[in-house]
Amino acid sequence: MSMKQKGKRTVKVIHKLFLLNFLLIFVIVSSGVFIYYNNNKVIGQFNDFKEIDVVQEDYNHYIHLMSAIAINNYELITSGYSKANVNKLNDRLKEANEQFIKIVPYFQSVDELSNHLLRLEEVLISYNDIAENHFSKMFVGEEIERIKNRITPIVSRNENTTANVNDRVINHFMGMKKASEESLLQSLQQSNQTLLTSIVVSIIFSVFIVIIFGRNINSGVKLIVQRIQAYKQGNYSYRSLTKRKDEFAFIDASLEDLGKTINNTIEKNVAAADLVYNSTKNLIVYSNSNVAASTNIKNLISEIHQQVSGQVDHTNSISSVTEEVSASSDEIAVASDIIQRNMEQTNKEANDGVKSVTNLNKSINEVSEEMNSLVPVISSVVERLEHISKFLLGIDEITSQTNLLALNASIEAARAGDKGKGFAVVASEIRKLSTQTNQFSEKTKEVIGLIREDTSNVVQKFQVFHDLFNNAEKVANDITITFYDISKNTRNLNTQNTEITSAIEGISGGINEVAHSILELAETTSTLSNQTEIILQDISVQDQNMIEMDELVQRLQLTANDLMRTIALLKNERHLD
């Protein structure tokens, strides 16, 4: 059966492995589902247990608050009204109301606790009414005894009710906890049993799969090994009888086709070896004749190479002279170009200088105009300072008169005696105000004097600046004329340099044409010399190749013999040299 026919009905090993893995995954997933179900059951029971524990904790806190509220009531009816105790009672009542709201949902969900919830609610309402009706305002004296006689029975009854309900609720919680613990323990045991069973089943099934798959692989490997042993013995026509349709069957079919190919190759190699052996003999004869012809060609090329080398030396000497002349003319052209660029730069800088001096002159004129406009402003400031000085003289006269009036008022107040004391105080204050005004006036005069001196200095400085700006304007005009002269001379020099550069370029062009022609001649001669050298090298390489060809022919004969020996070994036969 050929490889293509077997390949059409191949059932791959990987498919078998996928099937076994699918079964293993199915077992594992099934076990995981059972484990997940039991774990959820355990988690649910644990949450129920935790919920009961939380409700019981809230309930115990509520009972503790009710006991504290009862103690606060007893303190208030025995020791009298106390703002601190009332605030403490109200805080605990508020916290008890909040705690009662927390336990209501659970108590309502259990029929056994719903009646107890009503009794606890009655007690809480009773304490709230007591606090609102009796402790919301201060009570003293006989009212304390009246409130005590009225509240004490209520508080005692509330305590008894709370104690009775608490005993029954505690018993309920203990029973619920015990039932939850037993159910949780039972669920944990079931979960452990399910987990252990799943692990055992998974291990057994995995071992079973490994055994089945291992036996299948082992039989396939044994099939391949049998064919390899047959090929090792030289039996390339070996045929195996198997019913497998997997990759091993495909490999066996491929090896069978390979055996047929090896048989055909051996037969072809035998014919090729004979052909190679006969061809090497003919190659040796051709090689000897080729060596003699290449020796004659080598001698002729050597003579041509000597003649060409002499011609190359002559052209090189002429080329070096023309290159020197061309280089000198190029240097002159470069120097001329540099001079021209420098003169252009000088002309540009002279023009820039003219622009800069013009802008400077314009700025000087603007500053001078601004300074001239400031002179009237400063003069106006001086006039205003004079007016202020006159105004201060008027203030001094008013201050002097005010001081005199205050002195007269003090004298009149002294004559009036006790009745004139208030007027004397006013007169004293007026005198102080007059003195302070006089001091302010003196300081203002001093400041105005300083301002006047500074203003005079500024006017003098402005005059100095004005003179300086006039001198600077004259200098700037002289510099502008100088820059114009520099620019004119530079343009004349630039024109002359351009004419010199054109003449040098004409000379350099002629020299370059001569040099170019000589270089072409030198290159042609050098190329011819190089080509003769390459031909000589190629002939030497050809001689070496002929020697190597002789060696290769001999090796080829040896290889043909080795090939015959290898074919004999493949057929498990002896080869006679």
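The values are calculated or read from the model by the stated rules, or taken from the named source; none is laboratory data. In this text the structure is predicted, and so the values were computed from the model without any measurement. Don't worry about glycine lacking a Cβ; one is built from the backbone with ideal geometry, like all the others, and counts go over all protein chains shown. These accessible areas exclude ligands, DNA and RNA; they are computed on the full protein's heavy atoms, side chains included. Shrake-Rupley method; radii C 1.70, N 1.55, O 1.52, S 1.80 Å.
Considering only protein heavy atoms, with the full assembly of protein chains and a 1.4 angstrom probe, order I63, I395 by accessible area, largest first.
Largest accessible area first, the list is I395, I63.
Between E95 and Y484, what is the spin-label point distance in nm, taking each point 7 Å from the Cα along the Cα→C-beta axis?
10.6
How much net charge surrounds H116 when only the other residues with a Cβ under 12 Å from the Cβ of H116 are counted, with Lys and Arg +1 and Asp and Glu -1?
Combined, the nearby Lys, Arg, Asp and Glu give -3.
Relative to 2.2 N^0.38 Å, what does the C-alpha radius of gyration of segment 14-207 come to as a ratio? Two decimals please.
So the Cα radius of gyration is 1.73 times the expected 2.2 N^0.38 Å.
How large a share of the accessible area of segment 14-207, in percent, is made up of carbon and sulfur atoms when the probe is 1.4 Å and the other protein chains stay in place?
Result for segment 14-207: 59 percent of the exposed heavy-atom area is carbon or sulfur.
More than 21 Å apart: what percent of Cα pairs in segment 98-169 qualify?
Counting every Cα pair in segment 98-169, those more than 21 Å apart make up 37 percent.
Checking the table K41/K178; K362/K461; K50/K94; K88/K177; K16/K243 against a 24 Å threshold on Cα-Cα, which pairs fail?
Check vs 24 Å cut-off fails for K50/K94; K88/K177.
Through the Karplus equation 6.51 cos²θ - 1.76 cosθ + 1.60, θ set to phi - 60°, convert the phi angles of segment 198-203 into ³J(HN,Hα) values in whole Hz; use x for Gly and Pro.
The phi angles translate into 5, 5, 5, 5, 5, 5 Hz.
Please compute the modelled spin-label separation between A179 and F46, points set 7 Å along Cα→Cβ, answer in nm with one decimal.
Rounded to a tenth, the inter-label distance reads 2.2 nm.
Would you please give the residues with an amide H less than 5 Å from that of K245, counting only those at least 5 places away or on a separate chain, with H modeled from the backbone geometry?
Long-range HN contacts for K245: V11.
What aspartates and glutamates does K390 reach when the alpha-carbon gap must be under 17 Å and sequence neighbours fewer than 8 apart in one chain are set aside?
Filter leaves E442, E446.
Could you go through segment 171-176 in sequence order and give the Karplus-derived ³J(HN,Hα) for each residue, using 6.51 cos²θ - 1.76 cosθ + 1.60 with θ = phi - 60°, rounded to whole Hz, and x for Gly and Pro?
Here the 3J(HN,Hα) series is 4, 4, 4, 5, x, 5 Hz.
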